[in-house]
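Let me begin by presenting the structure, written as structure tokens, before commenting on it.
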Amino acid sequence: MPRVFNRILTFKIEGEIYDQSTKAEDIIKNYSWHYKDYSDGGDKLFIVAEHKDHRGRITKITKMPSIQKTKKPDTEYFVI
């Protein structure tokens with residue numbers, strides 16, 4: 001079995017707002033984020049973001065180069 005690790009990734013998000021009273025944070029908070037792994041043994045994974053808010057939308061997401069450690073420590077042994 002593998003060792004376990006935890007990290008924080010950072011993304012730059014670009015989008016569109018369709019009215020004057022909405023803020024970018026309102027649009028981002030209305031998304032539901034899900035992780036999809038189809039367990040096909042491949043090297044692909046998917047992060048799915050869904051929303052039903054008509055005030056705006058995310059148009060582009062770019063992963064930033066920084067990777068941060070979390071407070072939860074990595075395992076130093078293999079999990080069985």
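Bear in mind that the values in this text are calculations on the coordinates, not laboratory data. Every value quoted in this text rests on a predicted model; they were computed, and no experiment measured them. Here the Cβ is made from the backbone with ideal geometry for all residues, glycine too, and neighbour counts use every protein chain on show.
With the contact rule set at Cα under 8 Å and sequence spacing of 6 or more, what percent relative contact order holds for the chain?
Details: 116 pairs, mean separation 42.1, N = 80.
That works out to 53 percent.
Quick check: the distance between the Cα centres of the stretch 14-31 and the stretch 36-80, to the nearest angstrom?
Using only Cα atoms, the two centres lie 21 Å from each other.
What's the local net charge at N6, with K and R +1, D and E -1, over the other residues with C-beta under 9 Å away? Walk me through the numbers before you get to the answer.
Numbers: positive: R7, K69, K71, K72; negative: D74.
Its environment carries a net charge of +3.
How charged is the neighbourhood of P65? Take every other residue with its Cβ under 14 Å from the Cβ of P65, and add Lys/Arg as +1 and Asp/Glu as -1.
Details: positive: R7, K12, K63; negative: none.
Spelling it out: positives minus negatives among the neighbours equals +3.
Please give the length that would be gained between N30 and I17 if that part of the chain were fully extended, namely 0.36 nm times their separation in residues minus their C-alpha to C-alpha distance (nm, one decimal). Numbers along the way, then the final one.
Values: separation 13, 0.36 × 13 = 4.68 nm, distance 1.29 nm.
Result: 3.4 nm gained on full extension.
If packing is taken as the mean number of other Cβ atoms within 10 Å per residue, what is the order of 66-75, 49-58, highest first? Write out the running numbers ahead of the final one.
Values: 66-75: 9.5, 49-58: 13.3.
Averaged packing, sorted descending, gives the order 49-58, 66-75.
Can you compute the helix-only [θ] at 222 nm over the chain? Use -39500 (n - 2.57) per DSSP H run of at least 4 residues, normalise by all residues, nearest 500 deg cm²/dmol. Write down the numbers at each step before the final one.
On the way: 1 runs with 6 residues, N = 80.
After summing the helix terms and dividing by the residues of the chain, the value is -1500 deg cm²/dmol.
Over 29 Å between Cα atoms: which of K23/K72; K52/K72; K29/K69; K36/K60 fall into that group? Show your work: numbers first, answer last.
Values: K23/K72 32 Å; K52/K72 33 Å; K29/K69 23 Å; K36/K60 19 Å.
Violating the 29 Å limit, Cα to Cα: K23/K72; K52/K72.
Find, to one decimal place in angstroms, the Kirkwood hydrodynamic radius of the chain, where the mean of 1/r is taken over every pair of different Cα atoms and then inverted. Spell out each step's value before the answer.
Numbers: mean 1/r = 0.0640 Å⁻¹.
Over the chain, the inverse of the mean reciprocal pair distance is 15.6 Å.
With Cβ to Cβ distances under 13 Å as the rule, what net charge do the other residues near K36 carry (K, R +1; D, E -1)? List each step's numbers first, then the result.
Numbers: positive: K44; negative: D37, D40, E50.
Taking every Cβ under 13 Å from that of K36, the sum is -2.
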